[in-house]
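The values are calculated or read from the model by the stated rules, or taken from the named source; none is laboratory data. Quantities reported herein were computed from a predicted structural model and do not represent experimental measurements. So basically every Cβ, Gly included, is an ideal-geometry build from the backbone, and we count neighbours across all protein chains shown.
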Amino acid sequence: MRLPSRIVNPVLAVLLDGSGFTSLDEFAAAVNALANQEYGLHLSYDHVGVKRWLSGGTCRQPEVVAEVLSRAWGVEIPVAVIWPQSRGGAPPAAPHLVPCVAPRTLDELAAYIGSDMLTRRALLTDAIAFTAGEALSDPLLRWLAGPAGRLPDSSAPTSHRLTISTVTRIEAATAAFGAEDAAIGGGLSREAAVGQLKHAVDLLRETSYTDAVGNRMLAAIAELAGMAGWMSHDVQMAGPAQRYFTLGLQAARESTDRRSTLLQVSLLADMARQMRDLGHPATGLQLVDAALALLPRGRYPAAAAMLWNLRARMLGPLGPSSISELKHAVRLAEDLLADADPGDDDLLAYTGRAELAGNAALAWQDAAGHIPALAAHAEEQALAALEARSPGYSRSTVFDQICLSTARFTGIDPDQAATDGHQAIDLAAEVATSARVLDRLSSLLTHSAPHAARPTVRAFRERLIVTLRAAAA
């Protein structure tokens, strides 16, 4: 389909581009036909009318246009997605309901960051809904598979020019936030990361740039949005975290930078981890499979290993019928990592031997909820993760220690499990800003309950209760 050169409504342009219609006249005819069949309206739109909509003009029957596009794409497209001015004071559509269009994504990020910076965490969390299941995966994955609206041309030199050195500083700041998050949790630096993201978005919206620099900045924004999302998830801001993840994913899809594909993979993986943490492993499995489909065959074995390992993590809670598939995923992840070169994982934070073992431990422990004998595999992998874990990953080390304690409570070694639990409490003090650490610590109360009469376990449970109460105070 040939689109006009002057486009004021880029969302409509992307929707038309991926709709399957071969011309603007064919699309206009479909609008006329549906209006007649469903509403008894006699319309006479042609390519001129569609060009007018693309140029910023309004439409008298927007519901019919939205319905035609919804049927063409196979997902519901609200009118407000195509014509935001029709919202009439209502909040904008959630990002996962909207196609990937760079100018829109930047506008959405700017508006959302502004709300975040002016709103207390609890109020923001209550205001932004978390979505799981087909309501999320169907539209989100459909948009990722369709065309994307790229950055507008901004190559004409101005007094405010975006340079590559500025982009590299944004990338370095994101790396620094990631290191701090891994070491002490996301609670302390979340607002600083959001502020840095605001600065990056403002730069891209307000300066001129070459195509290469602009798209690298868009990729940097995607990565930083993902970091803000991960920090939000770590402090149990589920809806806000998902919104940052989604907008970051769309920015990565819209960028032509060489990192675009791996950033999409990384963001889908983080969204899957959030789904598992919040009790939606089936949705997480869909997101992991989408990430695997993005990876070029035979490339990035470290990233592929991480995804297959994460797939095992999603399969763990799904019951005995998934055990053989889980075992296959764990083994394949190990084989892929063995084939990886040391530099293969430089674009993804959570790859490597320790991460594979830690995730495998969690997968086997989830499976042990159905078949307790599998806790032996969880224990073995947790010990391997602790041995391989590098300094600077304090939160992951706590998770490994909690998993080891959980496995030993499940495997009927309660006294050693209590000792492991005490170590987990000690380690957790280093990651005091992570709500996820406290959440997983609290799960040890459930796993230790069958052995509560034993003196060592009783002492551990008493200390754990005091620790959790102090953290909640």
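Quick notes on this structure:
- Extreme residue, nearest to I128 (Cα to Cα), among residues of region 69-109 that are of a type in the set (D, E) and surrounded by fewer than 17 Cβ atoms within 10 Å (Cβ to Cβ): D107
- When restricted to residues that are modelled with pLDDT under 95 and either on the phi > 0 side of the Ramachandran plot or of a type in the set (G, A, S) (or both), region 153-174 contains 4.
- The residue list T105, T119 contains one member that is out of contact with any Lys or Arg (no Cβ under 7 Å at 6 or more places or on another chain) and over 22 Å from V8 (Cα atoms), which is T119.
- Residue in region 82-92 that is of a type in the set (A, V, I, L, M), at pLDDT below 95 and under 24 Å from G195 (Cα atoms) present: no
- So L445, is it part of a helix (DSSP H, G or I) and under 24 Å from D181 (Cβ atoms): no
- Residue check for A269: within 22 Å of T351 (Cβ to Cβ), without any contact (Cβ under 8 Å) to a residue 40 or more places away in the chain, of a type in the set (G, A, S) and in a helix (DSSP H, G or I): no
- Residue count for region 1-46 under the criterion of being part of a helix (DSSP H, G or I) and within 25 Å of D153 (Cα to Cα): the result is 9.
- Filter result for D339 (at pLDDT below 95, farther than 23 Å from D420 by Cα and surrounded by fewer than 19 Cβ atoms within 10 Å (Cβ to Cβ)): yes
- Checked against the criterion of being among the aliphatic types (A, V, I, L, M), more than 19 Å from D138 (Cα to Cα) and modelled with pLDDT under 95, the candidates L295, L224 yield just one match: L295.
- Single residue of L278, L294 found to be surrounded by fewer than 24 Cβ atoms within 10 Å (Cβ to Cβ), among the hydrophobic types (A, V, I, L, M, F, W, C) and either touching a His at 6+ places or on another chain (Cβ under 6 Å) or farther than 21 Å from G186 by Cα (or both): L294
- Some residue of region 406-421 being in a helix (DSSP H, G or I) and within 29 Å of the chain's Cα centre (by Cα): yes
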